[in-house]
Structure formats: C-alpha cells, structure tokens
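Q: This is the structure I have questions about; it appears just below.
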Amino acid sequence: MLSPREKEIAAAYARGENYQRIATSLHIAPSTVRTHLATIYRKLGVSSKIELLKALEGEQPQSKNSEEQAMLISELALSLEEAISRERALSEVLSIISRSAGNIQEVISAVLGYALELCDAQFGILFAYSPEKGFKATYIKEIPLAFQTWLTEQDWFHVSPNTGLGRMVSDTDIINIADVRMEEIYRHGDPLRDATANLGGARSFTAIPMVSKEGLIGAFTIYRQQLRPFEEKSLLIARIFADQSVIAIENARLVSEVRSAKGK
C-alpha cells in the first residue's frame, strides 16, 4: 500500500524520528514529511505512532466506526495544522532576526507575540538578568497594566530563591508551575509572587532560562490566566523562542560593536 518513499518515512517516524531529522536524512522539506505522513496514516488506517508501528510490523488495525474515524482524522488534521503553525512562526522569527539589523525591540516583540499565540497564553515577559542587580522586565507583551506598573517601579530587583525565577537561577532549567497560588511562597506574601498572581492575574506559569556563552543572561516567561499547566509541547515552543531571543540579543550586541568601531 505504501510507496518506497512512504515506507522510508513511516519507518523513521515509527522509530521516533521527528520531521526535521527525517527531512534532513532524505533531503526533503519538513512540510513534505508531514504530507507523506498524512497519506501514510490514511492508507494504513492508523491514528497514532503506536498504531503505525504495529501496522508496519504486520498487525491489522482494529476497525473503527465512522464517528471514531472522523474524530481521529480531525485530531490528526489539527495536529498537522499546529505543526505547520509552529514551523511558520519559527521561520518568521528567523526571518525577522536576519533582517533586523540590530533592532532588538522588533525581534523580541515578534518572538513574544508568536510565543503567546502558539502556547495559548495571555502575556509574556523577557527579563534581563545580572548576578549583581537581579532581574529587570525589559520586554513585555499583553501584560496587565497593574503588573506592568509594578515591574516598572521595581526596575532591577532581586528575587527569593523560592520563586520561579529564583529556582531557575539555581537550576538553570525550565521552571513549570501549575498554579502560582497553590505554592507556599504565595501564602507567605512574596512580593513578586503576589504581583504575578494578584496584579497579573496569572495562574499557570513557566520560566525558560536564556543562556549565552557568558552564562545566564535572562529569562523568557509566559503566563496563563486560567488554571491550565503548560504541557511539554508548549515548553518546547517556549525554549525555542527563548533561544531565538538570545540569538537576537547577541546579534544586536555585535551590530552595536561594529557600528561603534566604524564610528571611531
């Protein structure tokens, strides 16, 4: 039922390879891999990677009624559309970085905007970090005015090691908090946590470390105002955009250095 190319892609995908790796090994575009997988799923009558693996091993898929089949097809279609949206957003961000000529404001605004859209979050902040001065909210997107005012008044500020940002500094890893109001630090009245929950209206929160060759330089944070923890897919997106923010900041620094050198 499958063409030789479809068999290659199906086998690689069932082994756990992602779109990008398959595309690289076969010298095709990731979007072409998606198109082939949609055809493969339809031909084999499967709706998951597990079912795909079983089908490749010769096991016949269980029959599904029309309602189940329609539901599975719609889920697959939605997943493919989400993947397309993620790749399109990343492509747009890379394009903005390449033509920004050091305009960091334009890049970070775009990065935060795409991150909020793809992670289905209400607002986001890019914090700069200094071991001596602490954190400062340098770029914001869709943040409630009361929380924005509070952050502006703080300027640079140090955080408790028990806050999300404080834990991120200690571990240099993603911090994913299901409910900011359920942690002990909120009940103890920590200023940052109080502002996040009560002025920002945040419930679920994630902080992604921004790391350059010099070490931690900031944090990429996104917030949901509903109690809905960030899933692995959202964390992956957030990490990608945090990495792109680091690249943009480094590019801006290099452009500034080149301009300064020319002016001497």
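Q: Which trypsin sites (Lys or Arg not before Pro) from the range 1-56 combine a DSSP loop assignment with at most 15 other Cβ atoms within 10 Å?
A: On the way: sites: R5, K7, R15, R21, R34, R42, K43, K49, K54; in loops: R15.
Loop-located and lightly packed - R15.
Q: If amide H atoms are built 1.01 Å from N in the plane of the peptide, which residues on other chains or at least 5 residues away come under 5 Å of the amide H of Y223?
A: So Y223 has HN proximity to Q122, F123.
Q: Any chance you could run the full-extension gain for N18 through V211? It's 0.36 nm times the residue separation minus the Cα-Cα distance, nm to one decimal. Each step should come with its number before you reach the end.
A: Numbers: separation 193, 0.36 × 193 = 69.48 nm, distance 2.49 nm.
Roughly 67.0 nm would be gained on extension.
Q: Turning to a different aspect of this structure: On alpha-carbon atoms, Rg over Rh for the range 101-263 using Kirkwood Rh?
A: 0.97
Q: Shifting gears a bit: Kindly state, to the nearest 0.05, the FRET efficiency for R88 paired with H188, given R0 = 35 Å and r defined as their beta-carbon distance.
A: Step by step, r from the Cβ atoms, then E = 0.20.
No lab work stands behind these numbers, since they all come straight from the coordinates. As the structure is a computational prediction, the values presented were derived from the model and not from experiment. All Cβ positions, even for glycine, are placed from backbone atoms using ideal geometry, and neighbour counts span all protein chains on display.
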